[in-house]
Amino acid sequence: MLRLSRFSFGVGDRFAHQASAQLKAFQRLLGEGVEVVPVWNKSNREHSFIGSQPESVRQAAQEAVAQSGWSLPWHTDADHIRLETVDRFLDSSDFYTIDVADSIGQVASRDSVVHFLESHPELFGQLHIQGIDQAIFLSGDALEEIVAKYLVACQEAGRIYRYISNKLGEGNFIAEVSVDETDSPQTPQELLVILAALADQKVRLQTIAPKFTGRFNKGVDYVGDLEQFAREFQDDLCVLAHAVTQYGLPDNLKLSVHSGSDKFSIYPIIRQAIASRKAGLHIKTAGTTWLEELIGLAESGQEGTTLVREIYGLALEQIGALTEPYASVIDIRMSELPSLLTVGLWDGHQWANTLRHIPGHPQYNASVRQLLHVSFKLAAKKGSRYTDLLVAHREIIGKNVFENLYTRHMKPLFLG
């Protein structure tokens, strides 16, 4: 079986120009004694917005690996795929994030619910899971309610998994199941039922992305109760370890945190938890590499600053259309968005300070950052004007990409 390493890190690269700079961060971390493998991820939606093809992700990664001499594993992730979108990724991806969020809450047939309940008498009553202080209790009614909520989603994950397996061969790809894009976080009981149902479907998942308490907005820090997150994360680790033994799931099964990037305040919690449980971790950073490109362009001189200003102006004009697909993962305060007249007076350093995620900086603006985070397709519409500037200023952009990934993400997660 193609096996995912204990620590893996999903990195986005919207325009396929920053793979080398990203890989340098992994190399630096390896030099510090921590092995984390890169997983370049890009969703069907992102490809559609930009007009790119999945092969471009693998090609950029291959070139970076060849140039750097990276000898450890690396992967390309067909991010948030469904049955209707998976085909275009089959030739270029070896990691598949199976997204079944739309199926959560669809009512399962009575027969299928009854069959599941009859197959899993171990889920009734009190469950003692090592590492969780209090026993988990599931009455018949509560268990049936959970099964009814998640069974259709798990069946859909099974259909997608089997489809990929029939195309690529069992064991020739890494499977993740995503259940994070839903309204409420999963309890330990719900996560256990999900894992049992996925095992019934013969889904050999190596990571699962549950929903956690709090806001995981795009490109900004976590908003929520840190103590509650810590309890949930620890409990989820314990449930995964239990499910591996109970249901014969892959022994490297680990949590995947779909962070939306830059969840700095929860990184120490995650680091401590995975160390104490000797657990693995997969984390995705979404699209902040694109923001580092904008920061680098702003710092590169007048031409880059002008383009950043233009993109921001277009984003203001099209804010409704740009933000609608991401409405559940952004919190933009319109009153905090400066006018075009105001930003017309900004130099490149102020643009960089506004966008760079240093919350304590007096010029940092989370609303501007979130708006531009979801506005990458505006750069795509600039065509070669944008990508030519990426090439011309690759040194300063690459420096920003590397420092953001290594210093702000990897060090607090893996080194402390």
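Annotations
- Residue list for region 133-148, restricted to those being at pLDDT 95 or above and crowded, with 18+ Cβ neighbours inside 10 Å: LEU143, ILE146, VAL147, ALA148
- Within the span defined as region 282-304, every residue fails to be among the aromatic types (Phe, Trp, Tyr), in a helix (DSSP H, G or I) and more than 29 Å from LYS411 (Cβ to Cβ).
- Filtered residues of region 223-254 (kept if crowded, with 16+ Cβ neighbours inside 10 Å, in contact (Cβ under 8 Å) with a residue 24 or more places away in the chain and β-branched (Val, Ile, Thr)): VAL239
- Answer from ARG162, ARG110 - the residue that is exposed (fewer than 15 other Cβ atoms within 10 Å of the Cβ), more than 30 Å from the chain's Cα centre (by Cα) and in the same structural domain as GLN189 (by TED's automatic domain parsing): ARG110
Listed here are the residues, each with its yes/no results for (1) touching a Phe, Trp or Tyr at 6+ places or on another chain (Cβ under 6 Å); (2) of a type in the set (Gly, Ala, Ser).
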{"position": "LYS167", "(1), (2)": "no, no"}
{"position": "GLY171", "(1), (2)": "no, yes"}
{"position": "ILE174", "(1), (2)": "yes, no"}
{"position": "THR182", "(1), (2)": "no, no"}
{"position": "LEU191", "(1), (2)": "no, no"}
{"position": "VAL203", "(1), (2)": "yes, no"}
{"position": "GLN206", "(1), (2)": "no, no"}
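- Filter pass, GLN186 being under 20 Å from the mean Cα position of the chain (by Cα), outside any strand (DSSP E or B) and of a type outside the set (Asp, Glu): yes
- Odd one out for ASP183 among (1) farther than 19 Å from LEU205 by Cα; (2) at pLDDT 95 or above; (3) not aromatic (Phe, Trp, Tyr): (2)
- For region 280-338, a residue qualifies if it is small (Gly, Ala, Ser) and touching a residue at least 12 places away in the same chain (Cβ under 8 Å), and the qualifying residues are GLY280, ALA286, GLY287, GLY296, ALA298, SER300, GLY301, GLY304, GLY313, ALA315, SER328.
- Of all residues assigned to region 339-359, at least one qualifies as being surrounded by 14 or more Cβ atoms within 10 Å (Cβ to Cβ), outside any helix (DSSP H, G or I) and under 22 Å from the mean Cα position of the chain (by Cα).
- So GLY320, is it assigned to a helix (DSSP H, G or I) and on the phi < 0 side of the Ramachandran plot: yes
- Filtering region 26-37 to residues that are among the hydrophobic types (A, V, I, L, M, F, W, C) and over 18 Å from the mean Cα position of the chain (by Cα) leaves LEU29, LEU30, VAL34.
- Residues (in a helix (DSSP H, G or I), β-branched (Val, Ile, Thr) and surrounded by fewer than 22 Cβ atoms within 10 Å (Cβ to Cβ)) located in region 193-222: none
- Where helices (runs of 4 or more DSSP H) sit wholly within region 1-82, those with at least 2 residues that are crowded, with 23+ Cβ neighbours inside 10 Å, touching a Pro at 6+ places or on another chain (Cβ under 7 Å) and in the same structural domain as TYR267 (by TED's automatic domain parsing) occupy 19-31.
- GLN246 being outside the structural domain of SER339 (by TED's automatic domain parsing), over 23 Å from the mean Cα position of the chain (by Cα) and not β-branched (Val, Ile, Thr): yes
- Qualifying residue in region 376-397 (condition: under 12 Å from ILE295 (Cβ atoms), outside the structural domain of ILE269 (by TED's automatic domain parsing) and free of Cβ contacts under 8 Å to residues at least 24 places away in the same chain): no
The values are calculated or read from the model by the stated rules, or taken from the named source; none is laboratory data. Not measured: the values here are computed from a predicted model. All Cβ positions, even for glycine, are placed from backbone atoms using ideal geometry, and neighbour counts span all protein chains on display.
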